[in-house]
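Taking it in order: structure first as structure tokens, then the write-up.
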Amino acid sequence: MDDVIHLWKKFNEYSNKLADALGRTSNIVGEYAEFLAHKHYGGRLLEISGSSADIQSENGVLYQVKSRKIKKTLTTQLNVIRSWDFDFLVVVLFTENGAIKKALEFPVEVAREYGVSNKHQNGWVITTNRKFLSDSRAVDISVPLAALNR
């Protein structure tokens with residue numbers, strides 16, 4: 001029992017430190033994926049409120065970043081997309097240990113093909129099924145993001 005309590009306290013200590021270091025929200029997995037994508041693309045991180053994009057490159061390209069930490073299967077549902085006002089969707093899937101399992105860049109028109117309307121969440125949801133992850137129109141950026149994650 002004491003081990004669980006100790007681990008809980010350490011988990012919260014380090015989660016809080018990481019959230020403070022990333023400096024945006026408490027969604028640590030999402031914020032860390034945006035951090036890595038920002039290092040990869042450059043440009044600037046956009047304000048959290050009101051923007052459908054997370055990163056704007058120096059030449060004005062807009063990137064929306066979605067991520068998940070996965071355990072066994074690559075199939076998962078990404079967080080809701082509230083608008084399609086971006087140029088590329090970047091999907092980052094982390095292993096349970098925080099390594100890059102898969103990272104892909106999709107043109108918005110391709111991502112939109114996979115979006116399923118979700119009225120309850122007021123947006124669209126994409127499931128990272130086999131068809132989505134193997135779409136030949138996606139660009140695999142797993143290697144450069146993994147290099148940044150070392």
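Computing FRET efficiency as 1/(1 + (r/R0)^6) for Ser117 and Val61, where r is the C-beta to C-beta distance and R0 is 25 Å, gives about 0.45. Positive-end ranking of Trp124, His40, Val108 along the dipole of the chain, with charges on Cβ about the Cα centre, is headed by Trp124. Taking the C-alpha atoms only, the angle from helix 2-22 to the longest principal axis of the chain is near 40 degrees. Averaging the sequence gap over all C-alpha pairs within less than 8 Å and six or more residues apart, then dividing by the number of residues, gives the chain a relative contact order of 18 percent.
Across the cross-link table entries Lys9/Lys71; Lys39/Lys71; Lys72/Lys119; Lys71/Lys131, which are compared at the Cα atoms, the separations over 21 Å belong to Lys9/Lys71; Lys39/Lys71; Lys72/Lys119. Taking every alpha-carbon pair within segment 21-86, the share separated by more than 13 Å comes to 65 percent. If you plug the beta carbon distance of Val139 and Ser26 into 1/(1 + (r/R0)^6) with R0 = 35 Å, you get a FRET efficiency near 0.70. When the Cα convex hull of segment 1-43 is projected onto planes of every orientation, the mean area is 3.3 nm².
Protection proxy ranking for 135-146, 13-24, 33-44, 105-116, using the average of other Cβ atoms within 10 Å per residue and placing the highest first: 33-44, 105-116, 135-146, 13-24.
Over the chain, what is the percentage of antiparallel beta bridges among all DSSP beta bridges, to the nearest 5?
70
Compute the Cα gyration tensor for segment 27-148, then decide on rounded, prolate or oblate, letting a ≥ b ≥ c be the square roots of its eigenvalues: rounded whenever a/c is under 1.5, prolate when a/b is larger than b/c in the other cases, and oblate in all that remain. Verdict is rounded for segment 27-148.
Values in this text are rule-based calculations from the coordinates and carry no lab data. No experiment lies behind these values; they were computed from the predicted model shown. Here Cβ is always computed from backbone atoms with ideal geometry, including for glycine, and neighbour counts include all displayed protein chains.
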